[in-house]
1. Report yes if Arg85 is farther than 24 Å from Arg181 by Cβ and either touching a Phe, Trp or Tyr at 6+ places or on another chain (Cβ under 8 Å) or surrounded by fewer than 17 Cβ atoms within 10 Å (Cβ to Cβ) (or both), otherwise no.
2. Among what's in segment 29-38 and is touching a residue at least 24 places away in the same chain (Cβ under 8 Å) and either touching a Pro at 6+ places or on another chain (Cβ under 7 Å) or exposed (fewer than 15 other Cβ atoms within 10 Å of the Cβ) (or both), pick the residue that is farthest from Val4 (Cα to Cα).
3. Taking Phe158 as the residue in question, decide whether it is out of contact with any His (no Cβ under 6 Å at 6 or more places or on another chain), touching a residue at least 24 places away in the same chain (Cβ under 8 Å), among the aromatic types (Phe, Trp, Tyr) and under 18 Å from Leu52 (Cα atoms).
4. Return the residue satisfying two criteria in turn: it lies in segment 120-130 and is surrounded by fewer than 18 Cβ atoms within 10 Å (Cβ to Cβ) and of a type in the set (A, V, I, L, M), and of such residues it is nearest to Thr68 (Cα to Cα).
5. Scan segment 50-90 residue by residue and report those that are modelled with pLDDT under 95 and among the aliphatic types (A, V, I, L, M).
6. If I ask for residues that are out of contact with any Lys or Arg (no Cβ under 6 Å at 6 or more places or on another chain) and closer than 18 Å to Arg103 by Cα, which ones from segment 27-51 would you list?
Amino acid sequence: MKFVYRRAETEEDFERLRRLNHATFAEELGQYEPRPDGRLIDRFEDRSRFLLAMDGERLAAMVCWSMTPPFSVEARLEDPRILERLPQPVCEVRLLAVEREYRHTTVFAGLLAKLLEELREAGAATLVISGLEQRRAMYERLGFRAIGEPVPQGAARFIPMALPLHELPERIRREARLAQRRIS
């Protein structure tokens with residue numbers, strides 16, 4: 001499969017990602033109540049950048065990020081000032097969603113490579129996320145470490161996590177470089 005990685009720009013792009021967000025975070029994970037219109041509009045949409053992985057005209061995966069506080073992870077921290085002690089500037093990566101049929105493909109590696117490229121250009125020093133508790137091992141393999149206790153939201157539980165980019169594991173850097181070569 002050959003994916004195209006790009007920023008969300010059109011209203012059609014945003015409609016696609018809202019539907020994927022709904023399918024992932026409302027229908028699959030139960031973080032939010034399902035909506036009759038099948039769309040989930042992120043409360044930080046207006047200040048976030050969205051990266052898409054397209055398979056032709058079909059949205060295969062998406063991720064969004066923002067360097068504009070306040071971050072949603074702050075609400076999951078006992079003491080949000082912990083973010084001030086991390087290497088600055090901090091960037092929150094949110095809403096990673098991959099369509100079910102693309103989960104065992106190279107789409108995640110390519111999306112990660114594109115994300116890291118954009119974060120380098122933006123000057124980010126630390127990534128923060130609210131990681132799904134049941135996927136903690138995956139986040140830890142990427143280099144993330146918990147900065148707080150798991151917090152429930154709907155049927156899901158999220159762990160506030162951080163990754164100073166200078167601590168990104170070499171294996172992940174190598175995989176991102178390989179993926180970048182494939183998509184360039």
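1. So Arg85 fits the description; yes.
2. Glu33
3. Working: out of contact with any His (no Cβ under 6 Å at 6 or more places or on another chain): yes; touching a residue at least 24 places away in the same chain (Cβ under 8 Å): yes; among the aromatic types (Phe, Trp, Tyr): yes; under 18 Å from Leu52 (Cα atoms): no.
Judged against the criteria, Phe158 is not a match.
4. Going through the qualifying residues, I end up with Ala122.
5. Ala75
6. Glu27, Glu28, Leu29
For (1) within 15 Å of the chain's Cα centre (by Cα); (2) closer than 19 Å to Glu133 by Cα; (3) among the aliphatic types (A, V, I, L, M), each residue gets a yes or a no:
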site	(1), (2), (3)
Leu17	yes, no, yes
Ala26	no, yes, yes
Ser48	yes, no, no
Leu86	no, no, yes
Leu95	yes, yes, yes
Thr105	no, no, no
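Condition check ((1) among the basic types (Lys, Arg); (2) at pLDDT 90 or above; (3) surrounded by fewer than 20 Cβ atoms within 10 Å (Cβ to Cβ)) across all residues:
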{"residue": "Glu149", "(1), (2), (3)": "no, yes, yes"}
{"residue": "Pro160", "(1), (2), (3)": "no, yes, no"}
{"residue": "Glu167", "(1), (2), (3)": "no, yes, yes"}
{"residue": "Arg171", "(1), (2), (3)": "yes, no, yes"}
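The values are calculated or read from the model by the stated rules, or taken from the named source; none is laboratory data. Bear in mind the structure is a predicted one, so any value in this text is a computation, not a measurement. As a convention, Cβ positions derive from the backbone with ideal geometry for all residues, glycine included, and neighbour counts pool all protein chains shown.
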